[in-house]
Every structure is written in structure tokens, then in C-alpha cells.
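Contents: one structure, followed by commentary.
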Amino acid sequence: MREIYEPEFVKKLFNQMSNSYERMNFITSFGFSIIWRKQFIRKLKKSDQEIKVIDLMSGLGENWEYLTKHYPNANFVALDFADEMVEKSRRKNLRQLGNRFKILHQNILENKLKSQDFDIITCAFGLKTFNEEQLELLAKTVNRILKDEGEFSFIEISKPKAKILFFPYKFYLSKIIPILGKFFLGNPNDYRMLWLYTENFDNSQKVKEIFERNNLRVKYDSYFFGCATGISGKKIATNNNNL
Ligand SMILES: C[S@@+](CC[C@H](N)C(=O)[O-])C[C@H]1O[C@@H](n2cnc3c(N)ncnc32)[C@H](O)[C@@H]1O
């Protein structure tokens with residue numbers, strides 16, 4: 001089981017899925033992924049200042065269009081470690097976003113990001129492939145790279161608590177999606193893996209606790225009855241703990 005959280009394993013999985021990921025993301029969430037992306041970005045205060053924003057586990061750049069609308073004058077950085085995802089996102093950056101994003105090809109768990117450098121951190125659907133130890137490292141990084149009072153928002157597909165939703169959702173993600181994956185999108189096993197990660201991830205409650213332990217003020221967010229959950233909040237200023 002530990003093997004599925006090894007960076008090399010995760011990287012290979014996303015490299016293999018890079019051709020079909022965007023379509024599959026849309027299908028697996030019944031189109032909700034688009035709504036959820038807008039909603040999780042709206043957890044952050046809009047700004048037309050020249051702030052610095054980083055999109056972590058940025059994949060194919062699925063969040064970028066929404067981010068540029070939310071922060072029209074920001075300087076953008078994106079980070080991902082899967083070669084194929086990065087390569088395709090570079091093309092999207094050039095063709096659709098006027099090269100506004102500086103794309104870093106790095107593992108977030110061994111990153112070279114400067115401390116206290118970012119006003120905003122976003123991350124969509126990049127939490128489930130981390131185990132607890134790695135989430136702890138991620139929280140430390142978020143704390144380190146955010147400026148005081150800097151904000152963050154994360155979202156991830158989750159297991160809804162209501163049984164009426166859980167069982168059909170589980171059936172859909174664990175059985176139907178791999179079949180769709182086989183016929184339309186490539187390798188069914190890759191998409192079966194996504195359910196396994198979701199099953200282990202459960203929801204963002206554990207992530208909330210880990211982030212709170214790392215001096216971050218955290219709010220738990222639920223999207224469409226818990227089919228996705230996330231966290232949003234702020235870095236508590238070093239010399240001002242009364243936020
Ligand atoms: C499920 S995709 C999400 C992509 C995109 N953010 C979205 O909204 O659809 C997860 C991405 O996280 C990246 N990733 C996973 N672990 C990573 C790590 N340790 N460092 C950098 N990127 C990572 C993968 O390569 C993949 O592109």
C-alpha cells in the first residue's frame with residue numbers, strides 16, 4: 001500500500017493519464033469539476049493587485065483560466081512533477097494564457113521555493129496521492145512559502161457521508177469509470193487507482209488537522225454534500241496571533 005504514495009509511482013500514473021485526464025476529470029465529477037474549481041477559488045479574496053500566486057500540483061493547468069480572472073494583475077507560478085502533465089501545460093500556457101504562468105517542474109515534497117514568497121496558494125485535486133507523513137511536509141511547505149496573512153485554498157474529491165450518495169458514487173468511480181477508461185481513454189487500471197486514493201483519502205478532515213498543527217488558520221469546506229471537500233484559510237502572522 002505504501003508503494004502507491006511513492007513519488008515515482010504517482011508520477012508514472014499521471015504521465016500515463018496525461019492524454020485523457022482533463023476529459024476524465026470532467027466525466028468523473030459529472031461536470032462538477034468546473035463548478036468546484038470556481039467555488040474553491042472563490043474562497044479566496046479577489047484582488048486586482050500585483051500579488052504572487054502559486055498553483056500547486058497544477059496538472060494540465062485546469063485552474064489557470066479561473067485564477068487569471070480572480071487575480072487579473074497577479075504574477076503566477078505553477079508547480080507539478082509529472083513530465084507529461086508539465087509539457088502539455090506549457091503548451092496551454094503559451095497558446096491560451098499568453099505565457100503568464102512560470103511553470104516549475106518540481107516535486108513539492110523536495111521543492112526549491114523561496115520562503116515567504118507567495119500571497120496565495122491554490123491546489124485542486126492534488127491531495128489524495130499524499131499519505132499523512134507527506135501531508136505534514138506539504139503543510140510545512142505551505143507555511144514556509146506563504147507570506148504572513150497569505151491565503152490558501154485546497155479541494156479534493158471525497159467520500160460523501162450520506163449513504164444515498166456514497167454507494168452510487170463509489171459504484172460509479174470504482175466500476176463505471178474504469179470501464180469508460182478502457183473504452184474511451186486508455187488504461188482502466190489507472191482510473192481504478194483514482195478510486196483507491198479517494199477511498200483512502202476519505203475527506204479533508206485529516207488535512208485540516210495537519211494544517212492547523214502547522215500554524216495555519218483553517219476552515220473546512222464541503223462541496224455538493226461532501227462529494228468534494230477542501231480547506232481554505234490563512235497563515236497566521238508570526239507576530240500577530242489574534243487573527
Ligand atoms: C489529480 S491531478 C490534478 C491536476 C489539476 N490541479 C486539476 O485541477 O485537475 C494531480 C497532479 O498532482 C501532481 N502531483 C502529485 N504529486 C506531486 C508532487 N509530489 N509534486 C508535484 N506534483 C505532484 C500530478 O503530477 C498531477 O498532475
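General observations
- Members of segment 107-127 that are outside any helix (DSSP H, G or I) and crowded, with 19+ Cβ neighbours inside 10 Å: F118, D119, I120, I121, T122, C123, A124, F125, G126, L127
- Test for I145: is it closer than 30 Å to V77 by Cβ and within 16 Å of the chain's Cα centre (by Cα): no
- Residue within segment 162-174 that is surrounded by fewer than 15 Cβ atoms within 10 Å (Cβ to Cβ) and assigned to a loop (DSSP other than H, G, I, E, B) present: yes
- Odd one out for L104, checked against (1) assigned to a strand (DSSP E or B); (2) crowded, with 23+ Cβ neighbours inside 10 Å: (2)
- On the stretch given as segment 193-203, residues that are crowded, with 18+ Cβ neighbours inside 10 Å and in contact with a helix residue (DSSP H, G or I) (Cβ under 9 Å, 6 or more places away or on another chain) total 6.
- Under the condition of being acidic (D, E) and more than 21 Å from F152 (Cβ to Cβ), the residues counted in segment 185-237 number 2.
- Residue within segment 187-199 that is under 24 Å from D55 (Cβ atoms), of a type in the set (A, V, I, L, M), at pLDDT 80 or above and in a helix (DSSP H, G or I) present: yes
- Within segment 1-101, helices (runs of 4 or more DSSP H) holding 1 or more residues that are more than 12 Å from the ligand (Cβ to nearest atom) and touching a residue at least 12 places away in the same chain (Cβ under 8 Å): 21-28, 32-42, 64-70, 83-96
- Against the criterion of being surrounded by fewer than 18 Cβ atoms within 10 Å (Cβ to Cβ) and not aliphatic (A, V, I, L, M), N93 does not qualify.
- Residues of segment 103-120 satisfying the condition of being more than 18 Å from S89 (Cβ to Cβ) and near the ligand (Cβ under 9 Å from one of its atoms): L109, E110
- Test set (1) within 15 Å of the chain's Cα centre (by Cα); (2) at pLDDT below 90; (3) among the hydrophobic types (A, V, I, L, M, F, W, C) - F14 fails condition number: (2)
- Among the residues examined, E151 qualifies as out of contact with any Phe, Trp or Tyr (no Cβ under 9 Å at 6 or more places or on another chain), of a type in the set (D, E) and crowded, with 16+ Cβ neighbours inside 10 Å.
Condition check ((1) more than 17 Å from the chain's Cα centre (by Cα); (2) hydroxyl-bearing (S, T, Y); (3) at pLDDT 95 or above; (4) surrounded by 14 or more Cβ atoms within 10 Å (Cβ to Cβ)) across all residues:
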| position | (1), (2), (3), (4) |
| --- | --- |
| E6 | yes, no, yes, no |
| R23 | no, no, no, no |
| F26 | no, no, no, yes |
| I41 | no, no, yes, yes |
| K45 | yes, no, yes, no |
| I51 | yes, no, yes, yes |
| D55 | no, no, yes, yes |
| L67 | no, no, yes, yes |
| Y71 | yes, yes, yes, yes |
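The values are calculated or read from the model by the stated rules, or taken from the named source; none is laboratory data. Nothing here was measured: the structure is a model prediction, and the numbers come from that model. Note: ideal-geometry Cβ built from the backbone for every residue, glycine included; neighbour counts use all protein chains shown.
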